[in-house]
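What follows is calculated from the coordinates using simple rules that are stated; it is not laboratory data. No experiment lies behind these values; they were computed from the predicted model shown. Note that each Cβ is placed from the backbone with ideal geometry, even for glycine, and that neighbours are counted across all protein chains shown.
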Amino acid sequence: MDLDIRIINAATRGTEDKLVQIGIRDGSYVRIADSVPGDPKVEIDAEGNLVTESFVNGHLHLDKVYTLEKVGQDALGSYHGVGMGGAMTAIEQASRIKESYDESWIIENVRRAADWVRQAMDLGADVVGGIPWIEFTEADMRSHVDQMFELARIYDKDVSMLVDDAGDSTLRTLEYLAVQSIKYGWQGRVTAQHARAMALYEEPVFRRLTALMKKGGVSLVSDPQTGPLHARVEDLVKEGLPVALGQDDIADAYYPFGRNNMLEVGFLACHLLWMTTFPQMERVYDIVDRFRRQSSGHSGFRAQGRQPRQSCGADSAECLESSVGSRSSIGRHQGRQGGETDQIEL
Ligand SMILES: [Zn+2]
């Protein structure tokens, strides 16, 4: 078998105490077995460490990374304080960053945002975005979603929108996004980001929302580490809705930490979402690892051949816990490896 890489002595989430070999070709896992024959260009000894599929970060404000010092810290307090009711104020304070740029250029072009999105689609962008919750009126929020869905229809692209990102129980842009997904037949092609306001919804409103999300095939990315309110991740997972986690921010006006380490994000989520039993930790690992197939549609990240099973018992706690603070993207397998593990990039 032609192989680019063979990993030997690998523990996986599905092989428990048994170590296996993993064959990789053209960026995909092609075989997971006791022995994978072939002549690989590179062989990596995992030395009993846990090897999993690559992580995908579902939500990151890449344009704001390391801008905290430029913006100052006022926005941090506004965003996180008073039940996140001042999130819009935080956004206005964060706009201080514009002092570093020619603001006249920005204002003129923000007014043409819809035109720029269309131009981005012409240039080959993969996804149509949106942030409807920052509009001032219900009519404008709906118009925002409608305009972007129309572009998605014209260009036959998926939709991803940042919704309901404040402590305001009246925000309903996720609900409207789901309604439009049903209307356009965009099931499985729409992802919502944040949706923190759902934490404040009355139970009947939340149940109506989950029903619409299911019918609309809408998935959600949550970032519970970057604000005191967050989407009801475990309730959504229990409803069978696809949920992922994202890093969200790295040292910007809304969050002073962040290393774009999805194991660290998962570790924080275990605490913030109180998902602390081993089965709950398994679910957390699933949503920083496997959920991406449903949320992002990046089938290229899938392992081919034999799939690791869902359950790995106590090892999930071990791999999440031991990885935080290390350089590892490969968790430590219980009882096999005592030291810090090195990152292996595929
Ligand atoms: Zn965000």
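Just the residues that are over 19 Å from residue 289 (Cα atoms), in a strand (DSSP E or B) and β-branched (Val, Ile, Thr), please, taken from the range 8-47.
Answer for the range 8-47, where residues must be over 19 Å from residue 289 (Cα atoms), in a strand (DSSP E or B) and β-branched (Val, Ile, Thr): 8, 20, 42, 44.
Going through the range 119-135 one residue at a time, which ones are within 16 Å of the ligand (Cβ to nearest atom) and not in a helix (DSSP H, G or I)?
Step one: of the range 119-135, the residues within 16 Å of the ligand (Cβ to nearest atom) are 127, 129-134.
Of everything in the range 119-135, those that are within 16 Å of the ligand (Cβ to nearest atom) and not in a helix (DSSP H, G or I) turn out to be 127, 129, 130, 131.
Within the range 241-255, can you find the residues that are of a type in the set (A, V, I, L, M), touching a Leu at 6+ places or on another chain (Cβ under 7 Å) and either within 11 Å of the ligand (Cβ to nearest atom) or under 22 Å from residue 70 (Cβ atoms) (or both)?
Matches in the range 241-255: 251, 253.
Quick one: residue 288 ticks every box in (1) in contact with a helix residue (DSSP H, G or I) (Cβ under 6 Å, 6 or more places away or on another chain); (2) free of Cβ contacts under 8 Å to residues at least 40 places away in the same chain; (3) of a type in the set (Val, Ile, Thr) except a single one, so which number is it?
Among (1) in contact with a helix residue (DSSP H, G or I) (Cβ under 6 Å, 6 or more places away or on another chain); (2) free of Cβ contacts under 8 Å to residues at least 40 places away in the same chain; (3) of a type in the set (Val, Ile, Thr), the lone unmet condition for residue 288 is (2).
Would the range 93-106 turn up any residue that is surrounded by 14 or more Cβ atoms within 10 Å (Cβ to Cβ), in a helix (DSSP H, G or I), of a type in the set (A, V, I, L, M, F, W, C) and within 15 Å of the ligand (Cβ to nearest atom)?
Yes, because at least one residue in the range 93-106 is surrounded by 14 or more Cβ atoms within 10 Å (Cβ to Cβ), in a helix (DSSP H, G or I), of a type in the set (A, V, I, L, M, F, W, C) and within 15 Å of the ligand (Cβ to nearest atom).
Out of the residues in the range 215-240 that are in a loop (DSSP other than H, G, I, E, B) and surrounded by fewer than 20 Cβ atoms within 10 Å (Cβ to Cβ), which is nearest to the ligand (Cβ to nearest atom)?
Filtering the range 215-240 for residues in a loop (DSSP other than H, G, I, E, B) gives 217, 223, 227-232, 239-240.
Right, trim to surrounded by fewer than 20 Cβ atoms within 10 Å (Cβ to Cβ) and you get 217, 228, 239-240.
Details: 217: 22, 228: 14, 239: 23, 240: 24 Å.
This residue is 228.
Against the conditions (1) within 15 Å of the ligand (Cβ to nearest atom); (2) in contact with a strand residue (DSSP E or B) (Cβ under 9 Å, 6 or more places away or on another chain), where does residue 189 fall short? Just the number, please.
(1)
Do you know which of the residues in the range 48-60 that are more than 16 Å from the ligand (Cβ to nearest atom) and in a loop (DSSP other than H, G, I, E, B) is nearest to residue 219 (Cα to Cα)? Walk me through how you get there before you give the answer.
Of the residues in the range 48-60, the ones more than 16 Å from the ligand (Cβ to nearest atom) are 48-55.
Subset that is in a loop (DSSP other than H, G, I, E, B): 48-49, 51-55.
Working: 48: 34, 49: 31, 51: 26, 52: 23, 53: 20, 54: 20, 55: 17 Å.
Checking each candidate, the answer is 55.
Anything in the range 256-265 that is farther than 17 Å from residue 196 by Cβ and within 13 Å of the ligand (Cβ to nearest atom)? List them, or say none.
Matches in the range 256-265: 258 only.
To keep it simple, each residue is scored yes or no on (1) in contact (Cβ under 8 Å) with a residue 24 or more places away in the chain; (2) more than 16 Å from the ligand (Cβ to nearest atom).
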position: 113; (1), (2): no, yes
position: 137; (1), (2): no, yes
position: 143; (1), (2): no, yes
position: 184; (1), (2): yes, yes
position: 196; (1), (2): yes, no
